[in-house]
Each structure stands twice: as C-alpha cells, then as structure tokens.
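Before any comments, here is the structure.
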Amino acid sequence: MTNINFVVNGIRHQLAVKDNETLLDVLRDRLGLTGAKKGCDIGECGTCTVVVDGEPILSCITLAVEMEGKRITTIEGLAQNGELHPLQKAFHEHGAVQCGFCTPGMIMSGKALLDKNPKPTEQEVRRAISGNSCRCTGYDKPVKAILAAAEAEIQ
Amino acid sequence: MYLPQFKYLKPGTVAEAVAMLSEYQGGAGVIAGGSDLIVKLKHQIVNLRYVVDLKGISNLYGIVSRADEMEIGALTKLSAIESSPEILNKALLLAQAASVVGGPQHRSMGTLGGNLCLDTRCYYFNQSKRWRQSRPPCYKTGGDRCYVAAKSPMCHAVYSGDTAPALIALGARVRIVGPEGEREQELELLYSGNGKRPINLDAQSIITSVIIPISPPYAGHAYEKYRLREAVDFPVVGAAVALSFEQPGGVCTRARIVLNAVGTAPSRVEEAEKSLLGRKLEEALEEAAELAYQSARPIHRMGGSPYYKKKLVKVLTRRALEKAGSMAIGNV
Ligand SMILES: Cc1cc2nc3c(=O)[nH]c(=O)nc-3n(C[C@H](O)[C@H](O)[C@H](O)COP(=O)(O)OP(=O)(O)OC[C@H]3O[C@@H](n4cnc5c(N)ncnc54)[C@H](O)[C@@H]3O)c2cc1C
Ligand code: SF4
Ligand code: FES
Ligand code: FES
C-alpha cells in the first residue's frame, strides 16, 4: 500500500492504494465515481478515458500509485451546481448518446481537446475522439455535438 | 481484469533506477507510459515482482537541439513529439511516425523510449491467460513450439512500433545507461531479430535518450503506415523512407528504406537503398519498390496474408519514396 494525494474533480483526496490497483478501479470502487466505464480493461476502447493534468489518458491501464500530486477530471466533474457542461448539453441535444457506454470517455476526449483548442475543425474533432470506440452512433452525432459545444462556449 | 501483485518503485535518478534493476535482477522491469507493459501484466504474459517507474527522473524528459543533432529524452511523450515545433522543423519524419501511434490517449501516455522498446506481437501471445491456457506455451511464453510456424526453431512475433523505423531511416542513435556506465549505439542495433526477445538490452539497463542527426539540405522523408482502422491499430505494414539529393531534382546521395511489421525487427532494405544511389529518383523508384517487395518475407497470421503484406510493402515503399522525393524538391 502506498499513500497518495491527488485531486479528483476539484476535491483533494488522500488514499492508501495497492501498488497493483488501476486508476479506473480506484475511481469506480474506492471513490464511487462510476462515470468512467470499464469496457475492454486493456487500453483498446477508450470508455475509461479521464483527463489527468490536461491530457486524456486510459485509466484502465494507468496505475493509481502514479497519481501522486495529479489533477484528475472525470465525467462527474463537468456539471457545475446542477448545470450541465456545454459538452454534455450538446451531446444531449444532438442525440449523440445511444446506449451511452462510450459517452463518458467520448466527452472527456472532447473536453481535453476543447481545453487546448477551443475552436477545432471537424477533422481535429474526429482525430481527438479517434481513440474512443462507439458501436452505436456512427460518430457523426458526437462530432457534431463537440463542434456545437465549441461554438456555444465561445459565445 | 486484476493486475498480479508487484511492488512499485519510483527512483529519482538514473543511477538509482539502474541500482534497483540490478538488485532485483530478473524480477524487476521498467515502466514508462505503461501503455504496453500494463496490458502485458494484465494478461500475465510477463510477470514482475518489482515495477520500476522512470517518470520521477526529471532529466529523462525534453528536447535539446545542437548544431548538427537533436537529443530527445526517452520519457518524452509521443503527444509532445508530434506537436513539438522543434521536431516538426528538424525531424519531421519522427513527428509523422509518432502521430500515427495508437489513439490520442496512447500518445499522451506513451513515451519515446517505451515505443522503441515495444515488445513483438503475435495472435498467440497477446491474449489473456485463460485464452492461452487452452494450449501449451509457445517459445515466447517459455514453451518449446511455435503455433505460427510449426517447424520453426524460433519465434516469429512481429515488431510493430512506429517510431523505430522512422528513427532508423534518420540514422538515429540511442544512449543507454547500465551498471557499466553509459554508452551510445546505433538504434538499428537495438533490435535482435529474435521474436522471443526482440530488444537487445539487458534487464539492468535503460534507454535515456535518442540522438537524431540533422538531415542535410535537399533531404526528404516519409512514413507510410497501413492499418485496418485509421486510429488505434498497429500497422499491418509500415515503410519509412529518408532520402538526400545532390541538389533539388538531382541524383540521390543517401537513401534509407526501413520496413515495419513484416518481421521480428524493423528492417532496412539495403539492396533497394543501393539501387537509388547516384540515380534520379524517378528513374530508380520502381526498381527500389520492387526490391523491397522481393526482400520482404512476412509470414502468415501476422495481420494479413503474406501475399497481401508483400504487395503492401511495394505500394507503401513506392508511396513513401514519392512523398520523400517531392518533399526534397519542396513540393509539400
Ligand atoms: C490499443 C493499443 C494500440 C496501440 N497501437 C500502437 C501503434 O499503432 N503503434 C505503436 O507503435 N504502438 C502502439 N501501441 C503500444 C504503445 O501504446 C506504444 O508503443 C507506446 O509508445 C509505448 O510506450 P510506453 O511509454 O507506454 O511503454 P511502456 O508500456 O511503459 O513500456 C514498454 C516496454 O518498454 C520498456 N521501456 C520503457 N521505457 C524504457 C526505457 N527508457 N529504457 C528501457 N526500457 C524501457 C518497458 O520495460 C516495457 O517493456 C498500442 C497500445 C495499445 C494498448
Ligand atoms: S510466433 Fe510462434 S513462438 Fe512467437 S509468439 Fe507467436 S506462436 Fe509463440
Ligand atoms: S476500458 Fe480502458 S480502454 Fe477500454
Ligand atoms: S452510444 Fe453506444 S457505444 Fe457509443
């Protein structure tokens, strides 16, 4: 066990984690943040994507002990005071969610993109979510939703 | 899928890391971005008692430019490499190759050193423990047979890291630190060609940086990667090309053609390289692509039929040569 200090969605945590625990298991089973999903669990599908210090990473193949001093944002950290984040609103309004299993990861990839590049082209959006598999939507609506959220955030 | 138990160690210096690897010899392994290692640990195709994290060693990061070369720390993230103005300017081929590794998440986790030391891959190897338990182990997992080539005395698992072919084409070297101190060697020599143990690096040593000579004027290069989906997938075949010319449109003075994912190591096609020297590209291009085709010996069940992969070698080599040629003229 190793003690780690990290910030998840703005809240500071101190936690003793096992050396072989993944970040995804700590988020889901220890902190109750079940937004990030466990799909493949081997780094292939992207639904466990969370943002660590501004970068989208796969929490299923990241060790929790490596999170000492890091800032993590999960899908639960987007809505503020009961108000949906523009990305969440746009996914809702564009019908970009079908079964919803890929959505938390897809939105977090979109978040990492918009934080760095507030006015992306369609090509840049497609590239940013290219590590997130979706079996339902055909990607078109998530792409439109992220572009719409970028538009909404600028206004 | 739970990870087997191991102890996590976080050295603060290279010397400390090497000391840890030496102390726990055999049972310790290095982790950088973890995007290959953690998957292998989950599948229990590698077992470690100690995982030595290099991410706390600050001098393994960053890009240093000198007059005739550039040095990149082994822990530099692929996402930093694909977007670094310095690298885009002086070693575009590396940026191109880094930008087609996996998906965005793999590139923001994966490091250059980890990418170079990527293990070889095989349908019978990269599987869960339960899947593999249905048959006896093969060479790569400690057994005495190969399921891909039944009569073969060795493992044919395929090397498919994307930055190595690009860096070999550029003539890069690696700096390695081990118990005996520091040494520098051609990157090409890092690859053993043995699918079971593809990386020529003892368990106590680490790669600290990569050194890339700056290309001379009138140089051009390209990396062509074919994969089933435009993202995430490993290459079915890749071809990296770096060319230099006497003058724009003149004869070729230096050529490197490196194939990826056709064998157990990224491999140069020296006959094809030679066929370009002293000739204008448009006169020699078809012959070079044909020589690459003839030299490639892909085996079956490695991401496509051997015939298909051989044809891809020709197409991708030709395409990369054309792109490199027009880049040298300044058309791109
Ligand atoms: C779904 C998926 C798709 C992928 N697609 C691609 C792809 O298209 N192309 C591609 O090239 N890769 C791909 N990868 C593999 C991997 O993500 C990248 O190769 C990545 O760059 C590995 O770097 P890392 O830092 O994460 O390596 P790690 O997993 O940390 O390490 C990999 C190996 O290198 C060793 N190592 C790491 N750093 C050093 C060092 N400095 N010195 C000595 N040894 C070291 C480790 O011990 C380990 O054996 C993919 C992975 C996944 C899961
Ligand atoms: S090539 Fe043969 S020995 Fe090597 S991993 Fe595949 S089945 Fe095993
Ligand atoms: S659950 Fe992490 S990538 Fe699929
Ligand atoms: S909405 Fe079902 S997988 Fe994307």
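Read the figures in this text as sums done on the coordinates, not as results from a lab. Every value quoted in this text rests on a predicted model; they were computed, and no experiment measured them. Here the Cβ positions follow ideal geometry from the backbone for every residue, glycine too, while neighbour counts run over all protein chains shown.
Quick notes
- Here the residues B:CYS155, B:CYS138, ranked from fewest to most Cβ neighbours within 10 Å of their Cβ, fall in the order B:CYS138, B:CYS155.
- Span-like helix criteria (full DSSP H runs; alpha carbon extent of at least 18 Å along the helix axis; mean Kyte-Doolittle hydropathy of at least -0.5) are satisfied in chain A by A:103-116, A:140-154.
- With contacts taken as Cα pairs under 8 Å at a separation of at least 6 residues, the range B:219-330 carries a relative contact order of 32 percent.
- Across the range A:4-155, the mean sequence separation of Cα contacts (distance under 8 Å, 6 or more residues apart), normalised by length, yields a relative contact order of 25 percent.
- Taking a straight Cα-Cα cut-off under 15 Å and skipping sequence neighbours fewer than 8 places away in the same chain, the aspartates and glutamates within cross-link reach of B:LYS311 are B:GLU224, B:GLU286, B:GLU287, B:GLU290.
- Taking chain B and dividing mean pair separation by its residue count, relative contact order in percent (alpha carbons under 8 Å, at least six apart): 15 percent
- Panel note: the C-alpha atoms of the range B:157-254, placed on their principal axes, show extents of 48, 36, 21 Å (largest first).
- Sparse packing (at most 13 other Cβ atoms within 10 Å of the Cβ) combined with a DSSP loop state is found for the following chymotrypsin sites (Phe, Trp or Tyr not before Pro) in the range B:110-209: B:TYR123.
- Over 20 Å (Cα to Cα) - which of A:LYS89/A:LYS144; A:LYS38/A:LYS89; A:LYS38/B:LYS7; B:LYS55/B:LYS77; A:LYS18/B:LYS140 fall in this group: A:LYS38/A:LYS89; A:LYS38/B:LYS7; A:LYS18/B:LYS140
- Shape box of chain B [Cα atoms, principal axes, largest first, Å]: 59, 47, 34
- Candidates per trypsin sites (Lys or Arg not before Pro) in the range B:184-237, loop by DSSP, up to 15 other Cβ within 10 Å: B:ARG229
- Ordered by the number of other Cβ atoms lying within 10 Å of each residue's own Cβ, fewest first, B:ILE257, B:ILE211, B:ILE168, A:ILE57 fall into the sequence B:ILE211, B:ILE168, A:ILE57, B:ILE257.
- Global geometry of the range A:55-109, whether rounded, prolate or oblate, following the gyration tensor of its Cα atoms and the 1.5 cut on a/c: oblate
- Checking every one of the GluC sites (Glu not before Pro) in the range B:230-272 against DSSP loop status and a limit of 15 other Cβ atoms within 10 Å picks out B:GLU230, B:GLU246.
- Long-range Cα-Cα pairs in the range A:86-151 (distance over 13 Å), rounded percent: 54 percent
- Per-residue average of Cβ from other chains inside 10 Å of A:59-69: 4
- Taking 0.36 nm per residue of separation and subtracting the Cα-Cα distance, full extension of the segment from B:GLU71 to B:GLU282 would add 72.6 nm.
- Considering all different alpha carbon pairs of chain A, the Kirkwood hydrodynamic radius works out to 15.6 Å.
- Cβ-to-Cβ counts within 10 Å put A:HIS92, B:HIS156 in ascending order as A:HIS92, B:HIS156, the fewest first.
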